[in-house]
Each structure stands twice: as C-alpha cells, then as structure tokens.
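**Student:** Submitted below is the structure of interest, expressed as structure tokens.
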Amino acid sequence: MSTRARNTAPVDRGGRASLAARCPAIGLWARGLSLSLAALATAGLVGAAWAGPTLDRVKASGTIRCGAVARPGLLDQKAEGTPGGLLVDLCRAIGVAAAGSSVTVRATVYDSDNSYDEVRAGRDDVFFLSGAEIVEQRLADFVAPGPPVFHQTIALMAAGDSAARRPDDLANQSICFLQGDASHHRLEAYFAAKHLPFIRMGYQEEDEMRDAFDAQQCRAMAGEATTLAAARRKGGKTLRSARILAEPLASFPIFVATAPSDGAWTALAFWTVDMLIDADRPKRDWAAGGLDGLPIDAPALGLAQGWRERVLAATGGYAEIFRRNVGDASPLDLPLGPNALASEGGLMAPPDAE
C-alpha cells in the first residue's frame, strides 16, 4: 500500500460504543490470550542464561530490522526520507530494550510477494503482520505471533455536508470502493447483514476513487481508517471537509511477531510491547498502575533492571506513540478507539500483576 499524504481535518468521534462494553468477555479473553502467548514464548527457557542469537545480532550491529506493510501513520516515509510511524516507534522500543538508546532502526516495506522473503528467511528481527497477510503469504511456519499492537478499522468516510452519522444512514446512496479489496468485501458484508441496499461505485485505482469522491460522484468512500484520514489532504473541498464515521464496518488486529526459532527474542518483544501498553494503565485504589502494573525484569532475556525506564524515555508509552503518529498530535487526527485500554473502552488488555 502506498504512503498517503496527511491532513488535520477533524474526525467524527460521536457514538463510540466499545466492544468491551458491549461484550465484557472480550477484555477477559484478550487478557487470557496475552498470558497464554507469554507462557508459550517462555516455555522451556527456564534454566541457565539464554540470550539468543537475535539479541546477540542486534547488540553486535546496533541495528534492529523490522518490517510491515506501509500504512499511513503506521509505516511511512517522513519528509526527510526516513521511515516513521507507530510501528517504527514500537520497533525502536524493542531495539532500545535489547541494545540501548543508540540503536538504529531499519524498516522493510512488505509491498510484494517477494518482499515477504525477509520474514521467511528471518532477516528481519520483528514483523508486524495481520492475520490476512500471514494466511495469504503462507507465513504461519515462519512466525511466532505476539500481542496485537494496532487495531485497524475499515470505515466509511462521508462528505462534510452529509447527514450520515452511521453506515446505515448511507442506505440507497452511492459509495465508492476499490473493486475486490478487503474494504469492498467488508462493505458488502455489512450492508448484506443489515439487508440494506446501496449504490455501488467500484474503482481499480485509488486516485480515480478519490477524484470521484471529490467530484461528489459518490456520497461516501470505504477504506482503512488510516488511509482515509491521509486521503483527506489530497484533492479539493469535498475531501478536505470529509468525516470518518465513528462506527466501523469491521476491524482487524496487526500483531507483533518474531521468528519461532528464538524463544528468548520472542519473549523480549512480547514483554516490551506489553510494558508500553501497561504503562498507560492509571493507578487506582486497590489497583497498581503505570510501571507498577507489570514490574517485569528478566536479565537472562536481556531485560535487566532499568530497561522499562530506558524504553519509556526513548519512545514514551503506547498512548503517546499513538498520539504523535496517528492521533490528535498527528495529521491523521484519529481517536484511540479500539486501541485504548480495555478499561477505557478499547481492546488493549495487557497482563498486569493483579
């Protein structure tokens, strides 16, 4: 997916009803899944010191290599040509935990079938992948998946003068989409489930679709929320004033993953990501918060005393990383939504020391 330009146009934040609120079991399930993955990642490692080959390589080179599909705000190019985004900052956090604050980040963009050879050969140290990417590229033998690091939503963006506040409000209206992509499939599934008609306007090229929306040939446009947010800067008045509807058509997680051959490195990545998310947990009566919520030190993995403070000093916690790359301190200006803690209405539920 190509990098998109950015914009500061507002996002419709109305009507956000959390999945955790509608189904309390989701938060418990996510917490249980994280704990299960932690157990799998560390199983069989109890004994002598086991700093693995990936940690040794990152320390020796002073460089960590991470890869992902390019998405606005997650992995894209900054003005100076260097990689940036939420996933790059998470990669840096893992690198700082492993090799210190001077670590260099190198990012691989998975933009073709051959580019995923970096995963198959284990040349990248960390991979950020969706379930669809793992299945389509047949990567299950080559990855040990960790916790979700971002919940991407597939949404509709309506014209600024539209009265639509929910996808249902666009019944019988024209909606632009890229023919055959995931957003198109989710659009069809949403309206079919609700037995609602809409006028289909399919396109083969993103620029062509944006031009049609800008010319008001369609009243809404379907896509990943980060892509829609970035698209608002391209074009004329209709795009610049467009609103992303708060209720998504669907969502999917992007996971942190590592090669399955190095369990110590898998554990290091897991604890680093979960520490970043847990650092945002507020302290309450009878409940620890911040760094006290998950006081993990694991010297044999490379996580010696002080590693958490060092990582937070380099990147900030997850909410801060989100805010500057995707949220209200970035041109995309998207809300945390499902990427908030479960206690705040989102789906992020890292383990904590209860």
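**Student:** Note down all Cβ pairs under 6 Å where the first residue falls in region 304-318 and is in contact (Cβ under 8 Å) with a residue 60 or more places away in the chain, the second is in a helix (DSSP H, G or I) and of a type in the set (S, T, N, Q), and they're at least six residues apart or on different chains.
**Tutor:** none
**Student:** Among the residues of region 274-283, is there at least one that is in a helix (DSSP H, G or I) and either within 30 Å of residue 159 (Cβ to Cβ) or in contact with a Ser or Thr (Cβ under 7 Å, 6 or more places away or on another chain) (or both)?
**Tutor:** yes
**Student:** Okay, moving on. Assess whether residue 213 counts as being part of a helix (DSSP H, G or I) and touching a Cys at 6+ places or on another chain (Cβ under 8 Å). Write out each step before concluding.
**Tutor:** Working: part of a helix (DSSP H, G or I): yes; touching a Cys at 6+ places or on another chain (Cβ under 8 Å): yes.
Taking the combined requirement at face value, the residue satisfies it.
**Student:** Something else now. Tell me, yes or no, whether region 218-225 has at least one residue that is under 21 Å from residue 67 (Cα atoms), in the same structural domain as residue 183 (by TED's automatic domain parsing) and in a helix (DSSP H, G or I).
**Tutor:** yes
**Student:** Can I ask one more? Which is surrounded by fewer than 21 Cβ atoms within 10 Å (Cβ to Cβ), at pLDDT below 95 and over 24 Å from residue 154 (Cβ atoms), of 81, 62?
**Tutor:** 81
**Student:** For residue 129, indicate whether it is in contact with a Pro (Cβ under 6 Å, 6 or more places away or on another chain), in contact (Cβ under 8 Å) with a residue 24 or more places away in the chain and either of a type in the set (Lys, Arg) or crowded, with 18+ Cβ neighbours inside 10 Å (or both).
**Tutor:** Here the answer is no, as residue 129 does not meet what is asked.
**Student:** Follow-up. Exactly one of (1) in contact with a strand residue (DSSP E or B) (Cβ under 7 Å, 6 or more places away or on another chain); (2) not assigned by TED's automatic domain parsing to the domain that holds residue 231 is unmet by residue 157. Its number?
**Tutor:** Of everything listed in (1) in contact with a strand residue (DSSP E or B) (Cβ under 7 Å, 6 or more places away or on another chain); (2) not assigned by TED's automatic domain parsing to the domain that holds residue 231, residue 157 misses just condition (2).
**Student:** Of (1) out of contact with any helix residue (DSSP H, G or I) (no Cβ under 6 Å at 6 or more places or on another chain); (2) crowded, with 23+ Cβ neighbours inside 10 Å; (3) more than 30 Å from residue 56 (Cβ to Cβ); (4) of a type in the set (A, V, I, L, M, F, W, C), residue 246 satisfies all except one. Which?
**Tutor:** Here residue 246 meets the rest and fails (2).
**Student:** Shifting gears a bit: Given the conditions (1) assigned to a helix (DSSP H, G or I); (2) at pLDDT 85 or above, which single one is not true for residue 292?
**Tutor:** (2)
The values are calculated or read from the model by the stated rules, or taken from the named source; none is laboratory data. Predicted model only: the values in this text are computed from it and were never measured. Glycine also receives a Cβ, built like all others from the backbone with ideal geometry; neighbour counts cover every protein chain displayed.
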